[in-house]
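Comments concern the structure below.
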Amino acid sequence: MALNADVSGEWVFDPDHTRVGFSARHAMVTKVRGAFNEVDGRIYVDADNPQDSTVEVRIKAGSIDTRNAQRDEHLRSADFFDVEQYPEIVFKSTTVDEVEENTFMVLGDLTIRDVTKQVAIPLDLIGVQRDAAGKMRAGFEGTRRVNRRDWGLEWQVALDAGGVLVSEKITLEFEISAVKVD
């Protein structure tokens, strides 16, 4: 199914209604969830040729927020994101494929700590509506599991009873509200 021609064009993330978050298993028994509070993104949609669409996301790594100041400072340190040396996390798409109606596989390069790896992110187009200000707004959601060690996020503590303090597998969570540029 072809996308509606109204969606063609450039879209920018609405930071007040967008969440790029994550969850990780902690101490093998629970999950810790967090998000990045400073996210900037752009989407270019070509409704006639979705494969020509592009996505770029820039995240301020220091804006990490897990609702625990001590943990957040540790995540900002050289043990994890090393935000002083690597202040941004960047994703740039290389291809966008519509795999089902309103479901897209966005393949691209994710750079964390100056390490770039290709990752595929499934995104669902939730809907497109005019908002109260008359602007076209689109919503996207998706998740993707990645191994944090692929990007050099190696810090770990072994637990006495077996297992580790922080899981290697991290679930990335995307809830994106984008506004069409006139």
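The values are calculated or read from the model by the stated rules, or taken from the named source; none is laboratory data. Remember, predicted model here, so these are calculated numbers, not experimental data. For neighbour counting, all protein chains shown are included, and Cβ atoms are generated from backbone atoms with ideal geometry for every residue, glycine included. Quick note on the areas: whole protein, heavy atoms, side chains included, nothing else; ligands and nucleic acids left out. Shrake-Rupley method; radii C 1.70, N 1.55, O 1.52, S 1.80 Å.
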**Complete:** Selection from segment 17-43 of residues modelled with pLDDT of 95 or more, out of contact with any helix residue (DSSP H, G or I) (no Cβ under 6 Å at 6 or more places or on another chain) and farther than 20 Å from Val146 by Cβ yields His17, Asp40, Arg42, Ile43
**Request:** Identify the residue in segment 135-157 that is in a loop (DSSP other than H, G, I, E, B) and touching a Leu at 6+ places or on another chain (Cβ under 7 Å) and, among all such residues, is nearest to Lys169 (Cα to Cα).
**Result:** Gln156
**Fill in**
Counting only residues in segment 39-58 that are touching a residue at least 40 places away in the same chain (Cβ under 8 Å) and in a strand (DSSP E or B), the one least open to solvent (accessible area, probe 1.4 Å) is identified as Gly41
**Prompt:** So which residues in segment 110-134 are without any contact (Cβ under 8 Å) to a residue 24 or more places away in the chain, part of a loop (DSSP other than H, G, I, E, B) and either open to solvent by 80 Å² or more (accessible area, probe 1.4 Å) or touching a Lys or Arg at 6+ places or on another chain (Cβ under 9 Å) (or both)?
**Reply:** Ala132, Ala133
**Prompt:** List the pairs whose first member sits in segment 6-20 and is without any contact (Cβ under 8 Å) to a residue 60 or more places away in the chain, whose second member is exposed (fewer than 14 other Cβ atoms within 10 Å of the Cβ) and outside any strand (DSSP E or B), and whose Cβ atoms are under 9 Å apart, counting only residues at least 6 apart or on separate chains?
**Reply:** Ser8/Asp48
**Prompt:** Is it fair to say Ile89 is open to solvent by 30 Å² or more (accessible area, probe 1.4 Å) and of a type outside the set (S, T, N, Q)?
**Reply:** no
